[in-house]
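This report refers to the structure that appears directly beneath it.
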Amino acid sequence: PGLHNVRDSLGALAASLYCGIPFEKAAAAISHFHGVKRRFETKLRTEDLWIVDDYAHHPTEIKATLKAARESGNHRILCAFQPHRYSRTKLLKDEFAEAFDDADVLFFTDIYAASEEKIPGVDGHLIPDAVRARLPHKDIRYVDKLEDVAGALYDCIRPGDLVITMGAGSITGVSEKLIALLKEKGMPSDK
């Protein structure tokens, strides 16, 4: 989903035509392309729930991914985000504050350092605090430990939700843990 993917597809078609590939052949090839790993990658899709994992870790990517989620149907969007790098979190705090508008419920966890040294005053609370200052009525939750994010998501989900785990770090494993919880406990009842 997403206008950015439509643009990429049109660019691929244009390049194919320029190279002399017939439109029908290029269009058929694109129809079989289902995206790349960790870019709006569906991990589970049932009648009741859609779980997606995405690599977005920059405000522009986050905004585009959440906009695509919003445009993909009428559902509540739960986004679990793990910031990537202390320096990026510090430098882009204001841009991050504007990137999560299309999410209905936000879960944040601590920063994935990616071998950076911790910067004093910069932690996982920086982005949710900035979002909360801008959107005081948004449902924003902070989960201290990454290993607890799947449980927090499970406790919040209801039928019809779209859940997105997002970030460049270790958050990618949260979607699998959430799926395991669903297999073990079943889908929570409508809350």
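The values are calculated or read from the model by the stated rules, or taken from the named source; none is laboratory data. It should be emphasised that the depicted structure is a prediction, and the values quoted were computed from it without experimental measurement. No Cβ is skipped: glycine too gets one built from the backbone with ideal geometry, and neighbour counts run over all protein chains shown.
State whether one or more residues within region 20-40 are under 30 Å from ALA133 (Cα atoms), among the charged types (D, E, K, R), out of contact with any Gly (no Cβ under 6 Å at 6 or more places or on another chain) and at pLDDT 95 or above.
Looking through region 20-40, none of the residues is under 30 Å from ALA133 (Cα atoms), among the charged types (D, E, K, R), out of contact with any Gly (no Cβ under 6 Å at 6 or more places or on another chain) and at pLDDT 95 or above.
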Residue match in region 91-104 (condition: in contact with an Asp or Glu (Cβ under 8 Å, 6 or more places away or on another chain) and modelled with pLDDT of 95 or more): yes
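Give me a count of the residues in region 72-97 that are of a type in the set (Asp, Glu) and either under 14 Å from the mean Cα position of the chain (by Cα) or over 14 Å from ALA56 (Cβ atoms) (or both). Steps first, answer last, please.
Step one: list which residues in region 72-97 are of a type in the set (Asp, Glu), which gives 94-95.
Filter once more, keeping what is either under 14 Å from the mean Cα position of the chain (by Cα) or over 14 Å from ALA56 (Cβ atoms) (or both): 94.
Residues meeting the conditions: 1.
For a quick check of your reading: which strands (runs of 3 or more DSSP E) sit entirely within region 79-191 and have at least 1 residues that are crowded, with 19+ Cβ neighbours inside 10 Å and in the same structural domain as ASP54 (by TED's automatic domain parsing)? Walk me through how you get there before you give the answer.
On the way: elements: 105-108, 139-142, 161-166.
Output list reads 105-108, 161-166.
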Filter result for ARG88 (within 24 Å of LEU181 (Cβ to Cβ) and among the basic types (Lys, Arg)): no
Pair list, Cβ < 6 Å and 6+ apart or interchain, from region 20-41 residues that are over 19 Å from GLY173 (Cα atoms) to residues that are modelled with pLDDT of 80 or more: ALA26/LEU13; ALA26/SER16; ILE30/SER9
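So that you can scan it fast, the table gives a plain yes or no per residue for (1) in a helix (DSSP H, G or I); (2) loosely packed, with under 14 Cβ neighbours inside 10 Å:
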site: LEU17; (1), (2): yes, yes
site: GLY20; (1), (2): no, yes
site: ALA29; (1), (2): yes, yes
site: ARG39; (1), (2): no, no
site: ILE51; (1), (2): no, no
site: ILE62; (1), (2): yes, no
site: LEU66; (1), (2): yes, no
